[in-house]
Amino acid sequence: MRKIVSLFLSFALIMACSSSDGEPTEVADNFDRSAMLVNWADNIIIPSYEAYASAVADMKASTDAFTTQPSLTTLGELRNNWLQAYTAFQSVSMFEIGPAESVSLRNYTNIYPTDAAEIESFVASGDYNLTLPSTIDAQGFPALDYLLFGTADTDAEILVKLSSDSYSTYLSSLVDRIETLSSQVLSEWKGSYRDTFVSNSGSTASSSVNKLVNDFLFYYEKSLRAGKIGIPSGVFSSTPLSDRVEGLYSKEYSKGLFNASLNATINFFKGKHFESESTGESLEQYLRYLSELNSTEDLSVAIINQFEAAKSAVSQLNDNFYFQVESDNSKMLQAYDELQKNVILMKVDMFQKLNIRIDYVDADGD
Amino acid sequence: MRSGLKTYFNQNTEAAPLAVFRIFFGLMMFFSIVRFWANGWIDKLYIQPKFFFSYYGFEWVKPLGLWTYGLFVICALSALAVAFGYRYKWAIISFFISFTYIELMDKTTYLNHYYFISLLSFLMMFLPANSYFSYDAFKRSEVRHQLIPRWTIDSIKLLLGIVYFYAGLAKLNSDWLINAMPLKIWLPGRYDLPLLGDLLQQEWVHYGFSWAGAAYDLAIPFLLLYRKTRPFAFVLVVVFHVLTRVLFPIGMFPYIMIVSSLIFFDASIHQRILSIVSRWAKIPFNHFGNGNSLNQKTWDSRGFKRKLIVGFFALQLLMPFRHYLYPGELFWTEEGFRFSWRVMLMEKAGYANFKVVNKSTGERFYVDNTDFLTSFQEKQMSFQPDFILEYAHYLKEHFESQGHKNIGVYVESYVALNGRRSQPYINPEIDLTLQKESFKHKYWILPFNDEIKGL
């Protein structure tokens, strides 16, 4: 009994001391989550948005060039810049937080399959409002994919169609809309949001780390794993749905877009600076810190190995996922399985190790 | 022995501690419900979801749509009436029923604290908590008693003691004591706390908190019972619960426990509390001090209440051990985990991927859980077998109503427990639609690849 009492006394004493000290003691091995947020914001997120916004500006310039002087050359340039911008978007899509979240950037930029019938009716009537949520499947890069590649069978016919006033007006509205959204998000990040994001370094469900890691995983699970591979290969339906691939009309870019997205995901995990070889504070480092602290296995190794396995499974696929689903869907399903394994490693194991709550109501616990 | 028990049950004691307990309990419950409402949780937890997880045998208890708000109104008003001792008997019955109904509506929100409140209010239905310092006692002299049976107050102490002591017993396992899990996961996550944040990164602190927590739970009922250690014990209660409040998202519970533990103190302290309240609220306090004692013969004729309470406690003492009837690791299967004061013992996370198969054609597809469940429900479902089973049956019904035929539902699931690497959880070869919920062991839970030693 006395032992228990003295144990309590010492416990109470520890508590009393630690809270009356006033000065927080610096601990050398404490992982600095604020530094991770700074690395994410300054070296990854903002540079990625800058690159995206500049690619979108190029796309807008070539759209203007095309509409003033439609030709197969200007069409080719527009298509090329569309692909550059679409690819750059894959590096920012996962950051659906703050400004991107408030404008629903992903929903207004990359919803596919696009609704070709709706696009045609908008073109014909000239009566549409792209800020309405009901029009998300008639705008963004997938809608441009349809306009630039799917409106007719040959390039010459497409050129004729897009040269008409109704099509070229719609084309310009789509590009303008993408441009507005991208520059709005970038300017907010460069304005006050960067500091809001970095300073919200707490541990609650609404803190930046908690929220962005949830957004990151949501993106990985929904957009990358399910959207790009799972849904077209029929994982969620009775039969494969080959027409749900990204880049359906251009036919040759779905794998390239996928790889851009997967690489961006891996780079974020590793804290790799945008278009650079140097790395900073990251989920990988955080996991390594915790494994050293608790002398347990380093989960980040398993996650990175699994990313590599997914990459090599995807390298077996045709550039055109539509063709892949139609010819040999089993390879798509294999790629899906490899992607799926990392959902478990990240959502179950990593979340537990980092003590990140799956974002739900801040309800009481036991 | 028998005569000892008989004298014990005939002893009387001052009613003041029970009156103070009733007042604080009622007020705390009232504010808990107001807080729950103000946080928007009624809408988020009981109105928004499409599907609700039921307790076995209580499938008929469901949220009432917008009438659910009415249920919370009834519950809050009953709590206030309990506090004031206004038509106490009906108030506490109505509180018990409405509160328990709310808790039964969706298993997702199960908390030991809520279960504790249900049990406590059940117990209070049989206690003369309105004998003293209540509206009832003020108005009706036949209700007014300064002395009440001693066992009625002791029963609340016993329930509190069980909660603490069993919570302590549950901590005597290798994960908690040897590995300092799950505190080793939870505490470093609170790095942003002023003063404590850096300390919480230290391994010795994780062990210190684990061991001190277990010792606290086991010892506190006795320290509170023993007069000489009581003031010290109360300080511990306050320190412990304030600390848990700071470290974990734990709601009103710490305050409820702090206030409840006042019942261990002598009547004189409660008299003082009541006289302060009287002065402040201008209530003629002396009106209640009539020296009358409650006549047990008429109040509890044939000892019905007493027997019921004894049976209630026998059940409470046994329930937490029911997991011995099941094979396998308790933390893994969770068979016998709930209703046993196993508090804060596990950091468990899972992932459950449901596959719907047409058994005649072999066609199959996976389910997007977010189509049916809130993220909170999905999280809770993913590591609890009874949730997984109920959800699988729901999926079968749903897809059958969409015209699918010969449906089988399989799940590929992974669970990580207390920092271990995730491992497969449910046998993926088992068609869950052929399994029925029951109290029997669920053989389709895959075995746990590790061992947790302890009670």
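The values are calculated or read from the model by the stated rules, or taken from the named source; none is laboratory data. Please read all numbers here as calculations on a predicted model, not as lab measurements. Using ideal geometry, Cβ is built from the backbone for each residue, glycine included, and neighbour counts are taken over all protein chains shown. Note: areas computed on protein heavy atoms with side chains; ligands, DNA, RNA excluded. Shrake-Rupley method; radii C 1.70, N 1.55, O 1.52, S 1.80 Å.
Can you compute the modelled spin-label distance between A:SER125 and B:LYS405, with each label point 7 Å from Cα toward Cβ, in nm?
Once both label points are built, they end up 4.1 nm from each other.
Which percent of the accessible area of region B:347-434 is formed by carbon and sulfur heavy atoms (probe 1.4 angstrom)?
So the carbon and sulfur contribution to the accessible surface is 45 percent.
With θ taken as phi - 60° and the coefficients 6.51, -1.76 and 1.60, list the Karplus ³J(HN,Hα) couplings across region A:222-239 in order, rounded to whole Hz; mark glycine and proline as x.
Along region A:222-239, the couplings run 7, 7, 7, 5, 7, x, 7, 10, x, 5, x, 7, x, 5, 9, 9, 5, 10 Hz.
What FRET efficiency, computed as 1/(1 + (r/R0)^6) with R0 = 45 Å and r the Cβ-Cβ distance, is obtained for B:LEU317 and B:SER360, rounded to the nearest 0.05?
Efficiency, rounded to the nearest 0.05: 0.30.
Using θ = phi - 60° and the Karplus curve 6.51 cos²θ - 1.76 cosθ + 1.60, what whole-Hz ³J(HN,Hα) does each residue of region B:437-450 get, with Gly and Pro shown as x?
Ordered by residue, 3J(HN,Hα) equals 5, 6, 7, 6, 5, 8, 5, 8, 7, 6, x, 7, 7, 9 Hz.
List, in the order given, every pair from A:LYS60/A:LYS331; B:LYS107/B:LYS171; A:LYS311/B:LYS184; B:LYS62/B:LYS157 whose Cα-Cα distance in the structure shown is over 28 Å.
Flagged as over cut-off: A:LYS60/A:LYS331; A:LYS311/B:LYS184; B:LYS62/B:LYS157.
For region B:168-202, which residues drop by 50 square angstrom or more in accessible area between the chain on its own and all protein chains together (1.4 Å probe)?
Residues meeting the cut-off: B:ILE185, B:TYR191, B:LEU195, B:ASP198, B:GLN201.
Specify the inter-centroid distance of region B:261-340 and region B:48-99, based on alpha-carbon positions, in whole Å.
Using only Cα atoms, the two centres lie 21 Å from each other.
Where in region B:341-358 does the amide nitrogen come within less than 18 Å of the point 7 Å from the Cα of B:LYS453, taken along Cα to Cβ?
Answer for this model: none.
Once the dipole of chain B is set up with Lys and Arg at +1 and Asp and Glu at -1 on Cβ about the Cα centre, which of B:LEU395, B:ASN173, B:ILE445 lies farthest towards its positive end?
B:ASN173
Stokes-Einstein diffusion coefficient for region A:25-115 at 4 °C in a medium of 1.567 mPa s, Rh from the Kirkwood formula over Cα pairs: what value in µm²/s?
Reported coefficient: 84 µm²/s.
In chain A, carbon and sulfur make up what percent of the accessible area (probe 1.4 Å)?
51 percent
Hydropathy first: keep DSSP H helices in chain B averaging at least -1.0 on Kyte-Doolittle, then drop any whose Cα extent along the axis falls short of 15 Å, and list what survives.
B:16-38, B:67-84, B:88-105, B:112-124, B:150-170, B:203-225, B:230-247, B:267-281, B:304-318, B:385-401
Estimate the FRET efficiency between B:TYR56 and A:SER71 by the formula 1/(1 + (r/R0)^6), using the beta-carbon distance for r and 60 Å for R0, to the nearest 0.05.
The calculated FRET efficiency here is 0.25.
So what is the relative contact order for chain A, in percent, with contacts set as C-alpha pairs under 8 Å and at least six apart?
The value is 20 percent.
Report, in debye and to the nearest 20, how large the dipole of the protein assembly as shown comes out about its Cα centre when Lys and Arg carry +1 and Asp and Glu carry -1 on their Cβ.
About 6060 debye.
If each residue of separation counts as 0.36 nm, what is the full-extension length gain between B:VAL34 and B:TYR207 once their alpha-carbon separation is subtracted?
58.6 nm
Roughly how many debye, to the nearest 20, is the charge dipole of chain B about its Cα centre, given +1 on each Lys and Arg Cβ, -1 on each Asp and Glu Cβ, and no other charges?
The calculation lands at about 2040 debye.
What's the buried accessible area, both sides, between A and B using a 1.4 Å probe, rounded to 100 Å²?
Chains A and B together bury roughly 5400 Å² of accessible area.
Spin-label point model (7 Å from Cα, Cβ direction): what's the B:TYR8 to A:SER295 distance in nm?
Taking the two extended label points, one gets 4.8 nm.
With the contact rule set at Cα under 8 Å and sequence spacing of 6 or more, what percent relative contact order holds for chain B?
Relative contact order comes out at 18 percent.
Evaluate Rg over Rh across chain A, taking Cα atoms for both radii and Kirkwood's formula for Rh.
1.07
What is the Cα convex hull volume of region A:191-253 when expressed per residue in Å³?
Hull volume normalised by residue count: 111 Å³.
Using just the helices of chain A, give the 222 nm mean residue ellipticity in deg cm²/dmol: DSSP H runs with n ≥ 4 each add -39,500 (n - 2.57), and the total is spread over all residues, rounded to 500.
Helices in chain A give a 222 nm mean residue ellipticity of -18000 deg cm²/dmol.
If each residue of separation counts as 0.36 nm, what is the full-extension length gain between B:TRP299 and B:TYR324 once their alpha-carbon separation is subtracted?
5.1 nm
Could you provide, to the nearest whole Å², the per residue accessible area of region B:2-322 with probe 1.4 Å?
43 Å²
From the C-alpha gyration tensor of chain B, pull out the three semi-axes of the equivalent ellipsoid (sqrt of 5λ each), sorted largest to smallest, in whole Å.
43, 27, 21
Which order do A:LYS341, A:LYS272, B:LYS442 take when ranked by solvent-accessible area (1.4 Å probe, heavy atoms of all protein chains), largest first?
Listed by decreasing accessible area, they come as A:LYS341, A:LYS272, B:LYS442.
Just the Cα atoms of region A:253-366: what Rg and Dmax do they give in Å?
16.8, 53
Using a 7 Å offset from the Cα along the Cα-to-Cβ direction at both A:SER183 and B:ALA281, what is the distance between the two label points in nm, to one decimal?
Once both label points are built, they end up 6.6 nm from each other.
Leaving out ligands and nucleic acids, note down the accessible area per residue over chain A with a 1.4 angstrom probe, in whole Å².
Counting only protein heavy atoms, the per-residue value for chain A is 40 Å².
In terms of the ratio Rg/(2.2 N^0.38 Å) built on C-alpha atoms, what value belongs to the protein assembly as shown?
After normalising by residue count via 2.2 N^0.38 Å, the value is 1.12.
Taking accessible area as the heavy-atom solvent-accessible surface of the protein chains with a 1.4 Å probe, which residues of region B:233-281 lose no less than 40 Å² upon going from the isolated chain to the full protein assembly?
For region B:233-281, once contacts with the other chains are taken into account, B:LEU236, B:PRO249 lose 40 Å² or more.
On the protein heavy atoms, probe 1.4 angstrom, tell me the percent of accessible surface of region B:161-316 carried by carbon and sulfur.
The C+S portion of the solvent-accessible surface of region B:161-316 is 68 percent.
Below 27 Å Cα-Cα, how many Lys pairs turn up in region B:347-434? Only count pairs eight or more apart in sequence, or on different chains, if you could.
9
Under a Cβ-only charge scheme (Lys and Arg +1, Asp and Glu -1), can you give me the dipole magnitude of chain A about the Cα centre, in debye to the nearest 20?
Rounded to the nearest 20 debye, it is 720 debye.
How high is the relative contact order of region B:347-434, in percent, with contacts defined as C-alpha pairs under 8 Å that are six or more residues apart?
37 percent
Provide the FRET efficiency to the nearest 0.05 for the A:LYS190-A:GLU275 pair, computing r from the beta carbons and using R0 = 25 Å.
Efficiency computed from Cβ-Cβ geometry: 0.90.
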